[in-house]
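Let me begin by presenting the structure, written as structure tokens, before commenting on it.
The values are calculated or read from the model by the stated rules, or taken from the named source; none is laboratory data. This structure is a prediction, so every number in the text was calculated from the model and none was measured. Each accessible area value is taken on the protein alone, full model and side chains, heavy atoms only, with ligands, DNA and RNA left out. Shrake-Rupley method; radii C 1.70, N 1.55, O 1.52, S 1.80 Å.
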Amino acid sequence: EGDVLTISGEKAAEKTKDERKMHRVERVVGSFKRSFTLPPGSKAEEVSATYKDGVLTVKVPKHHGAKGREIHIKAE
């Protein structure tokens, strides 16, 4: 919405452990929601996303002529 990208979802996992006289099942269920402000010069209407092998990839294209920014990192 506008210049804000919101990603929401739900995760569910179940672990089962069988031992001699015990059967244990653990279930984890939860939802999440994250919002990000899109950088200036991005094309919000062309944002795309793919989900494969447990990895969500979000692509935010830039307008032609938009310049990147260089950040110097000092190693100690």
Does segment 41-53 include one or more residues that are more than 16 Å from the chain's Cα centre (by Cα) and β-branched (Val, Ile, Thr)?
-> no
Okay, strands (runs of 3 or more DSSP E) sitting entirely in the chain with 1 or more residues that are open to solvent by 100 Å² or more (accessible area, probe 1.4 Å) and at pLDDT below 80, I get 4-18, 23-37
